[in-house]
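Colleague: Here it is: the structure, laid out below.
The values are calculated or read from the model by the stated rules, or taken from the named source; none is laboratory data. Computed from a predicted structure; not experimentally measured. Please note: Cβ atoms are built from the backbone with ideal geometry, for glycine as well, and neighbour counts cover all protein chains shown. These area figures cover heavy atoms from the full protein model, side chains too; ligands, DNA and RNA do not enter into them. Shrake-Rupley method; radii C 1.70, N 1.55, O 1.52, S 1.80 Å.
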Amino acid sequence: METNRARIKLYLWVLSGFGVAVFIAGYLFLGKDLPPQLPLWYSRPWGETQLTDPKMLGLLPALAIGITLVTNLLLNKLKKLENWLFIFGWSGIVAVAILDLALLRIWMLAF
């Protein structure tokens with residue numbers, strides 16, 4: 001089961017790194033062409049309440065790194081509880097993937 005733990009950790013770090021790379025590349029190449037407001041808060045009513053400063057997009061990769069760190073801590077603590085390992089690990093992977101897709105969607109809406 002140690003290979004499952006290692007595989008989950010690898011997926012988490014790769015997805016988190018992808019989100020950070022997309023964020024950095026987007027700002028390096030497209031930063032000066034970004035509109036002054038971008039949609040980020042999709043849970044709010046449609047319109048101006050969903051918009052935010054482009055710098056706030058950094059929350060998405062930061063949250064992905066945070067989820068990755070917490071999930072790795074849980075994976076290290078739950079060495080004997082394989083069912084919990086599976087649940088925590090894969091839910092962390094899904095959460096990070098959703099954050100990465102949200103970031104890509106926002107970049108695509110901007111251009």
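Colleague: With respect to the numbered conditions (1) at pLDDT 80 or above; (2) open to solvent by 90 Å² or more (accessible area, probe 1.4 Å), which one is the sole condition not fulfilled by LYS32?
Modeller: Of the numbered conditions (1) at pLDDT 80 or above; (2) open to solvent by 90 Å² or more (accessible area, probe 1.4 Å), the odd one out for LYS32 is (1).
Colleague: When the residues of segment 64-111 are filtered to those that are of a type in the set (Gly, Ala, Ser) and either in contact (Cβ under 8 Å) with a residue 24 or more places away in the chain or open to solvent by 60 Å² or more (accessible area, probe 1.4 Å) (or both), which remaining residue is farthest from LYS9 (Cα to Cα)?
Modeller: First, the residues of segment 64-111 that are of a type in the set (Gly, Ala, Ser): 64, 66, 89, 91-92, 95, 97, 102, 110.
Subset that is either in contact (Cβ under 8 Å) with a residue 24 or more places away in the chain or open to solvent by 60 Å² or more (accessible area, probe 1.4 Å) (or both): 64, 89, 91-92, 95, 97, 102, 110.
Values: ALA64: 13, GLY89: 8, SER91: 12, GLY92: 10, ALA95: 14, ALA97: 14, ALA102: 21, ALA110: 32 Å.
Ranking the qualifying residues of segment 64-111, first place goes to ALA110.
Colleague: Taking the conditions exactly as written (touching a residue at least 12 places away in the same chain (Cβ under 8 Å) and either closer than 30 Å to LEU109 by Cα or hydrophobic (A, V, I, L, M, F, W, C) (or both)), does GLY58 satisfy them or not? Walk me through how you get there before you give the answer.
Modeller: Details: touching a residue at least 12 places away in the same chain (Cβ under 8 Å): yes; either closer than 30 Å to LEU109 by Cα or hydrophobic (A, V, I, L, M, F, W, C) (or both): yes.
So GLY58 passes the test.
Colleague: Do we have VAL70 as more than 16 Å from VAL20 (Cβ to Cβ), hydrophobic (A, V, I, L, M, F, W, C), at pLDDT 80 or above and within 18 Å of the chain's Cα centre (by Cα) here? Reasoning before the result, please.
Modeller: Details: more than 16 Å from VAL20 (Cβ to Cβ): yes; hydrophobic (A, V, I, L, M, F, W, C): yes; at pLDDT 80 or above: yes; within 18 Å of the chain's Cα centre (by Cα): yes.
Yes, satisfied.
Colleague: Ok, one more. Suppose the filter is buried (at least 16 other Cβ atoms within 10 Å of the Cβ) and either among the basic types (Lys, Arg) or at negative phi (or both); does PRO45 pass it? Can you show your working first?
Modeller: Numbers: buried (at least 16 other Cβ atoms within 10 Å of the Cβ): no; either among the basic types (Lys, Arg) or at negative phi (or both): yes.
Criteria not met by PRO45.
Colleague: Take the residues in segment 3-29 that are in contact (Cβ under 8 Å) with a residue 40 or more places away in the chain and within 16 Å of LEU104 (Cα to Cα), then tell me which one is most open to solvent (accessible area, probe 1.4 Å).
Modeller: PHE18
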